[in-house]
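First comes the structure, then the notes that go with it.
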Amino acid sequence: MNLTDIRTIKDVMSIYNIHFRKEFGQNFLTNISVVEDIADSCSDTPDATVLEIGPGIGVLTQELAFRYRKVIAVEIDNGLIPVLRYTLQDCPEGVVDVVHADVMKVDLAELLAPAFEAGKVSVCANLPYYITTPILMALLESNLPFEYITIMIQSEVADRLCAKAGSKEYGAITAVLKYYGEAEKLFKVSAGNFIPAPKVDSTVVRIRLHKQKPYVPKDEETLFKTIRAAFEQRRKTLPNALSAGFPEIPKETLTAIIEACGHRPDIRGERLDITDFVALADKIYEMKCEA
Ligand code: SAM
């Protein structure tokens, strides 16, 4: 079934009496080469399992089903479940499991346990824009050993994820992402490739998760707190920003720690890369332990 064909999409939706649901960020892909390119980039091996978040009417799901050993598609919209049963009927038998659930509420470790036992597991999603960051953070913080996370997101967010330290796009999420893996922009997809067309252009980003994290902080919580504090008060110098995040530590002590890490006291957090943040957080943690 050609699910990128606008006539087919409208027919399927009319048969099942469903409408595009804005509250679920439903913008369906209508360009087969974009769909194929996303599906191709999900794993290095056909033996992989792909967790697809938000299959919609199944356009990407069916391409994944012909490329990989297993596809687990998690869809929040109840109305799309019977549609998917219909649109995915020609997929190789037993490959696709459709799960009706909110991916934010699913126990991914439990859902994917057999998949991880069987081999590599990747994530693929044309993500609803309103929930991109929470979904991405949930995937990263799950600490599940995904091979890749391939996501289509708003181009502006893609710029942020892939930004260099010191640039205006660089933010807390960039630094946190670096802790978990390496992100690369694969290609842009203009708004005209969707129905309905979103207001913004999109970019496909692929994150390769570190098999072994290259940064080993003394305490993860202090690391994330340090990063958050540094960017929450972006315009402030680092001692002032950290002071707001760690009110229990005197500002002079924080300034001394920053200098001991080799930075000038008037530096701003946006200049620090993940290595700098780990070193800084380690010193803050040591100091808290000594106190
Ligand atoms: N994959 C299809 C495509 O590329 O055409 C649809 C993508 S559409 C941008 C986003 C999909 O995610 C919709 O089907 C929507 O219902 C689903 N969705 C939104 N929030 C979700 C959530 N929390 N959990 C699972 N699916 C969700």
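Tabulated data for the structure shown
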| quantity | calculated |
| --- | --- |
| Cβ-Cβ under 9 Å pairs, at least 6 apart or on other chains, the range 260-273 side under 18 Å from Ser167 (Cα atoms), far side open to solvent by 70 Å² or more (accessible area, probe 1.4 Å) and part of a loop (DSSP other than H, G, I, E, B) | Arg268/Arg234; Arg268/Arg235; Arg268/Lys236; Gly269/Arg234; Gly269/Lys236; Glu270/Lys168; Glu270/Arg234; Asp273/Lys164 |
| Qualifying residue in the range 163-184 (condition: open to solvent by less than 60 Å² (accessible area, probe 1.4 Å), within 13 Å of the ligand (Cβ to nearest atom), modelled with pLDDT of 95 or more and out of contact with any Cys (no Cβ under 9 Å at 6 or more places or on another chain)) | no |
| Among (1) more than 21 Å from Val12 (Cβ to Cβ); (2) in contact with a helix residue (DSSP H, G or I) (Cβ under 9 Å, 6 or more places away or on another chain) - the single one Leu112 does not satisfy | (2) |
| Within the range 185-203, considering residues that are among the small types (Gly, Ala, Ser) and open to solvent by 30 Å² or more (accessible area, probe 1.4 Å), the one farthest from Ile38 (Cα to Cα) | Ala197 |
| Hits in the range 65-84 - residues which are within 10 Å of the ligand (Cβ to nearest atom) and surrounded by 24 or more Cβ atoms within 10 Å (Cβ to Cβ) | Ala73, Glu75, Leu80 |
| Residue check, Asp47 assigned to a loop (DSSP other than H, G, I, E, B) and under 23 Å from Lys199 (Cβ atoms) | no |
| Out of Asp273, Asp219, Asp282, sole residue that is surrounded by 14 or more Cβ atoms within 10 Å (Cβ to Cβ), touching a helix residue (DSSP H, G or I) at 6+ places or on another chain (Cβ under 9 Å), closer than 30 Å to Pro128 by Cα and not aliphatic (A, V, I, L, M) | Asp273 |
| Residue among Ala113, Ala125 that is loosely packed, with under 14 Cβ neighbours inside 10 Å and modelled with pLDDT of 95 or more | Ala113 |
| Filter result (outside any helix (DSSP H, G or I), surrounded by fewer than 17 Cβ atoms within 10 Å (Cβ to Cβ) and touching a residue at least 60 places away in the same chain (Cβ under 8 Å)) within the range 18-38 | Phe20, Asn31 |
| Given (1) crowded, with 21+ Cβ neighbours inside 10 Å; (2) at negative phi; (3) touching a residue at least 60 places away in the same chain (Cβ under 8 Å), number of the condition Ala118 does not satisfy | (1) |
| Val12 vs. criteria more than 11 Å from the ligand (Cβ to nearest atom), open to solvent by less than 20 Å² (accessible area, probe 1.4 Å) and more than 22 Å from the chain's Cα centre (by Cα) | yes |
| Residue check, Arg21 modelled with pLDDT of 95 or more, among the basic types (Lys, Arg) and more than 12 Å from the ligand (Cβ to nearest atom) | no |
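Let's see how each residue does on (1) assigned to a helix (DSSP H, G or I); (2) charged (D, E, K, R):
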| position | (1), (2) |
| --- | --- |
| Ala109 | yes, no |
| Ala113 | yes, no |
| Glu117 | yes, yes |
| Val123 | no, no |
| Thr132 | yes, no |
| Asn143 | no, no |
| Ile153 | no, no |
| Glu156 | yes, yes |
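The values are calculated or read from the model by the stated rules, or taken from the named source; none is laboratory data. Since we're looking at a predicted model, the values are computed, not measured. All Cβ positions, even for glycine, are placed from backbone atoms using ideal geometry, and neighbour counts span all protein chains on display. All accessible areas refer to the heavy atoms of the entire protein, side chains included, with ligands and DNA or RNA removed. Shrake-Rupley method; radii C 1.70, N 1.55, O 1.52, S 1.80 Å.
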